[in-house]
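A.B. asks: What follows is a structure written as structure tokens; I'll ask about it next.
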Amino acid sequence: MYIEEFTHRQIMAERFYEYHHYRNDGPITIDFHEHAFYEIYIFISGNVNYIIEGRTYDLRPGDVLLTNNSDIHRPEILPSQYPYERIVIWLNNTFFNGLLDIGEDLTACFKDASNRDYRLFRPNASQLLKIQDTCRAIEQERSVNRLGSRVMAFSSIMEILVLISRAYYEISDSAQHGVTENQQINQIVAYINNHYNEDLSLESLSSKFYLSKYYLSHKFKQFTGLSLYQFILKKRLTIARNMLMRGKSVTETYTECGFNDYSNFLKAFKQEFGEKPSQYLKK
């Protein structure tokens, strides 16, 4: 079996995709994070509650999570008699751009999951078996060093993406399982995501949603795992990073993302990503 040693790295080292099969024998701690790419997360075993954008998903073996390049998320790994095992596939925009050239937009399921604010789906037994078989094929190719192995693995990654896309759309829209959420907090998170460049102070949001400041602060932290300030800052920085990678200038980016001055933006950006904004231009 192809198992890797887990690292906390959240930046892609490869140009198109990365495939990781991890297993940890005990609980580990992973901070809230976001990616500049799309992620497929296939849960195999353990005891995990996965927090994504204010919703907590109680995972079962075989569950699949789809996160895009602006979702703030982290797994909460709890004690279990079983190891925490999962397959994680990272897919860069350049991977999908190549598929667009042949008329296939396989980011659609990620976008739909984001629009529905529900990132979990549960493939049926037949669908899951096909996905597992394809994962094994990837791991087999990665375990040997022979002519064409990288091409075969790349082909299997595309096959997994097609299988997951098909399975996603074959499941009823009403099939929402294992999620803990609060509708008020859902509305506030959605508002932040759509108005990240506006005044999002505790005072303005509590007034807009007719909630006390204490209740809003308490419930927001309870369901998102972050304070209101932390979530808004992380969201603005994530969107800023994505803008820079699409070629927006630094000045346009920080003003459009709700930052009042460059110095505050620069300090926060370096603290979040470890690099200056200019280093992300056309990255």
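The values are calculated or read from the model by the stated rules, or taken from the named source; none is laboratory data. As the structure is a computational prediction, the values presented were derived from the model and not from experiment. Note that each Cβ is placed from the backbone with ideal geometry, even for glycine, and that neighbours are counted across all protein chains shown.
A.B. asks: Going by the structure shown, is D112 of a type in the set (D, E) and closer than 23 Å to Y57 by Cβ?
C.D. replies: yes
A.B. asks: Just for the range 34-56: of the residues that are surrounded by 19 or more Cβ atoms within 10 Å (Cβ to Cβ), of a type outside the set (A, V, I, L, M) and not in a strand (DSSP E or B), which one is farthest from the chain's Cα centre (by Cα)?
C.D. replies: Here the residue is G46.
A.B. asks: Right, something else. Hey, can you tell me all the residues within the range 143-186 that are within 18 Å of I89 (Cα to Cα) and touching a Ser or Thr at 6+ places or on another chain (Cβ under 7 Å)?
C.D. replies: Result: S156, E159, I160, L163.
A.B. asks: Moving on to the next point. So is K221 surrounded by fewer than 17 Cβ atoms within 10 Å (Cβ to Cβ), at pLDDT below 95 and within 25 Å of the chain's Cα centre (by Cα) or not?
C.D. replies: Judged against the criteria, K221 is not a match.
A.B. asks: Give the number of residues within the range 206-256 that are more than 22 Å from P75 (Cβ to Cβ) and not in a helix (DSSP H, G or I).
C.D. replies: The total comes to 8.
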